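Each value in this text was obtained by applying a stated rule to the coordinates, not by laboratory testing. Computed from a predicted structure; not experimentally measured. Note: ideal-geometry Cβ built from the backbone for every residue, glycine included; neighbour counts use all protein chains shown.
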Amino acid sequence: MERVEYHRMAVLEATMWWYRALHAHLLGRLALPPGARLLDAGCGTGGLLARLAALRPDLDLQGLEYDAEAAALARAKLPPSRDPDKLQVGSVNTMPYGSGQFDAIVSADVLCHAAVDETAALTEFHRCLRPGGILLLNLPAYQWMASAHDVHVHNKRRYTFRLARNRVAAAGFMAITGGYWNSLLFPLMLLHRLAAGKSGGEGSDVKPFPAWQDRLFYTVTAVERQLADIGLRLPFGGSVWIEAKKP
């Protein structure tokens, strides 16, 4: 991503509604036993790892980040009890780990980046998971939704659920489930993207929101998670999620 975007992420990912909703969505799907070894592949400036470290001190957490400055920001967010050396600089295209090392790999909005070889990264995720290990992905939805935001964060690809599922299946994963989320706010997102245009602008959508708006948007995503828990999901949304298992 552009340098300024990493700094925006570092400042806002603990408070901005979008990051809080994303982290809650991912954490709600991570039913891991104590001692499980989890990798955040493409951990950015460490917001998800920091949440996991606070909520699940029993997990063996590791992170991988391509950008050295972002990795340093992520290390600074970890509590003193965590080993900073478990957050490494490297690429998801060629991960610096042995085979079968992890019980779970989470990768949020990483496969979409221009610097990522989608096929190589999924192959690496498969290699580094133990048999029966879980892969959890979050991806931006719909190529036609590409906008100035994607330009600034260097997104090359957006996905439908079917496309993401097929890519994951081709890498050798099974028991693939998933769908869309951030569905209730999707009409507002669509209007915003149409107004923002495809290029230019002052930066990405990562920015402070008025407190009332931030609370409202996060509350809407929380209601959506509750509806999903009882089986109500909409066939569209701003993001695609995928959960899969290595045989």
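Under the rule a/c < 1.5 gives rounded, and otherwise a/b versus b/c splits prolate from oblate, where does region 166-239 land using the Cα gyration tensor? Numbers along the way, then the final one.
Working: a/c = 2.49, a/b = 1.36, b/c = 1.83.
Since a/c reaches 1.5 but b/c is at least a/b, the shape of region 166-239 is classed as oblate.
How big is the gap, in Å, between the Cα center of region 1-63 and the Cα center of region 64-84?
The two parts, judged by their Cα centres, are 11 Å apart.
Using a 10 angstrom cutoff on alpha carbons, build the Gaussian network for the chain and name the most mobile of 228, 104, 72.
228
Considering every Cα-Cα pair within the chain, what fraction, in whole percent, is farther apart than 22 Å? The partial results should precede the final answer.
Working: 15859 of 30381 pairs.
For the chain, the fraction of Cα-Cα distances above 22 Å is 52 percent.
Rounded if a/c is under 1.5, else prolate if a/b is larger than b/c, else oblate: which is region 61-195, with a ≥ b ≥ c the root eigenvalues of its Cα gyration tensor?
Values: a/c = 1.93, a/b = 1.31, b/c = 1.47.
Taking the square roots of the gyration eigenvalues as a ≥ b ≥ c, region 61-195 is oblate.
Sort largest first and round to whole Å: the equivalent ellipsoid semi-axes of region 90-159, each the square root of five times a Cα gyration tensor eigenvalue.
Working: eigenvalues 130, 30, 14 Å².
Over the Cα atoms of region 90-159, the ellipsoid semi-axes are 25, 12, 8 Å.
Using the Karplus curve 6.51 cos²θ - 1.76 cosθ + 1.60 with θ = phi - 60°, work out ³J(HN,Hα) for each residue of region 240-247 in order, rounded to whole Hz, and write x for Gly and Pro.
Listing the rounded values in order: 10, 10, 9, 10, 8, 10, 7, x Hz.
Could you compute the net charge surrounding residue 65? Neighbours are other residues with a C-beta less than 10 Å from the C-beta of residue 65; K and R count +1, D and E count -1. Let's see the in-between values first.
Values: positive: 75; negative: 40, 67, 69.
Charge balance near residue 65 sits at -2.
Using the alpha carbon gyration tensor of region 1-75, what are the three equivalent-ellipsoid semi-axes (square root of 5 times each eigenvalue), largest first, in whole Å?
Equivalent ellipsoid of region 1-75: 22, 15, 9 Å, largest first.
Which ³J(HN,Hα) values, rounded to whole Hz and listed in residue order, are derived for region 6-17 from phi using the Karplus coefficients 6.51, -1.76 and 1.60 in 6.51 cos²θ - 1.76 cosθ + 1.60 with θ = phi - 60°, glycine and proline given as x?
Residue by residue, region 6-17 yields 4, 5, 4, 4, 4, 6, 9, 5, 8, 10, 5, 3 Hz.
Which GluC sites (Glu not before Pro) in region 173-246 sit in a loop by DSSP (not H, G, I, E or B) and have at most 10 other Cβ atoms within 10 Å of their own Cβ? Could you put the intermediate results ahead of the total?
Values: sites: 202, 224, 243; in loops: 202.
Sparse-neighbourhood loop GluC sites (Glu not before Pro): 202.
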